[in-house]
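Here is the structure we will look at, set down as structure tokens.
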Amino acid sequence: AVKGNYEDAVKNVNFAKENGGELIAPLAGIAQAKIQTQLGKYDDALKTVDGIKDESYAIECSELKGDILSAKGDTEGAHNAYKKAIDLSVEKKVAINSLLQMKFDNVIKTGEKPAYITARENIATQTK
């Protein structure tokens, strides 16, 4: 694997967050949290995600929170975050992305409905 220059990436992301305005700042925050996760700074990454208040990114933030918690070894927390992302997708009537479905199904609890079924039902209700 190629080792990235995460320190330079952090500088660029911070510049974007500080100077990009309300359109760029949430995306830069998501990128920052991903970099922090790569660096093993899971608690910092969670704080960064929690600091993104724009509801337009609620689904992405919940999924990313699941990724961070999964990397941290918190399967229960990852499950809950992925479930929240799926629930938000259904609530907002947007498609549940296939990667999120796989992530959730990897931490599914016994007796829970698999995400692919929820996704299929979500699509069916949107086409009625």
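The values are calculated or read from the model by the stated rules, or taken from the named source; none is laboratory data. As the structure is a computational prediction, the values presented were derived from the model and not from experiment. Cβ coordinates were reconstructed from backbone atoms using ideal geometry, including for glycine residues, and neighbour counts include every protein chain displayed. Surface areas here come from the heavy atoms of the whole protein model, side chains and all, with no ligands, DNA or RNA. Shrake-Rupley method; radii C 1.70, N 1.55, O 1.52, S 1.80 Å.
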- Message: Cβ-Cβ under 7 Å, sequence separation 6+ or interchain: first residue in region 65-82 and within 18 Å of PRO114 (Cβ to Cβ) and polar (S, T, N, Q), partner part of a helix (DSSP H, G or I) and open to solvent by less than 50 Å² (accessible area, probe 1.4 Å). Which pairs?
- Response: SER70/ALA78
- Residues located in region 39-51, provided they are out of contact with any Phe, Trp or Tyr (no Cβ under 6 Å at 6 or more places or on another chain), open to solvent by 30 Å² or more (accessible area, probe 1.4 Å) and either within 15 Å of GLU7 (Cα to Cα) or assigned to a helix (DSSP H, G or I) (or both): GLY40, LYS41, TYR42, ASP43, ASP44, LYS47, ASP50
- Note on the structure: Scanning region 83-92 for residues that are assigned to a helix (DSSP H, G or I) and open to solvent by 10 Å² or more (accessible area, probe 1.4 Å) gives LYS83, LYS84, ASP87, LEU88, VAL90, GLU91
- Tell me which of these ALA25 doesn't satisfy, since it passes every other one: (1) more than 13 Å from the chain's Cα centre (by Cα); (2) open to solvent by less than 40 Å² (accessible area, probe 1.4 Å); (3) within 30 Å of GLU121 (Cα to Cα). (3)
- Query: Residues in region 19-30: is at least one assigned to a helix (DSSP H, G or I), touching a Leu at 6+ places or on another chain (Cβ under 7 Å) and not polar (S, T, N, Q)?
  - Reply: yes
- Test: residue in region 32-51 that is more than 30 Å from LYS109 (Cα to Cα) and touching a helix residue (DSSP H, G or I) at 6+ places or on another chain (Cβ under 7 Å): yes
- Task: Select from region 93-108 the residues that are open to solvent by less than 80 Å² (accessible area, probe 1.4 Å) and in a loop (DSSP other than H, G, I, E, B) and list them in ascending order.
- Result: VAL94, ALA95, ILE96, ASN97, VAL107, ILE108
- Item | Where GLY111 falls short, out of the listed (1) over 12 Å from the mean Cα position of the chain (by Cα); (2) part of a helix (DSSP H, G or I) | (2)
- Filter region 52-78 for residues that are polar (S, T, N, Q) and either open to solvent by 30 Å² or more (accessible area, probe 1.4 Å) or over 12 Å from the mean Cα position of the chain (by Cα) (or both) and give the result. SER56, SER70, THR75
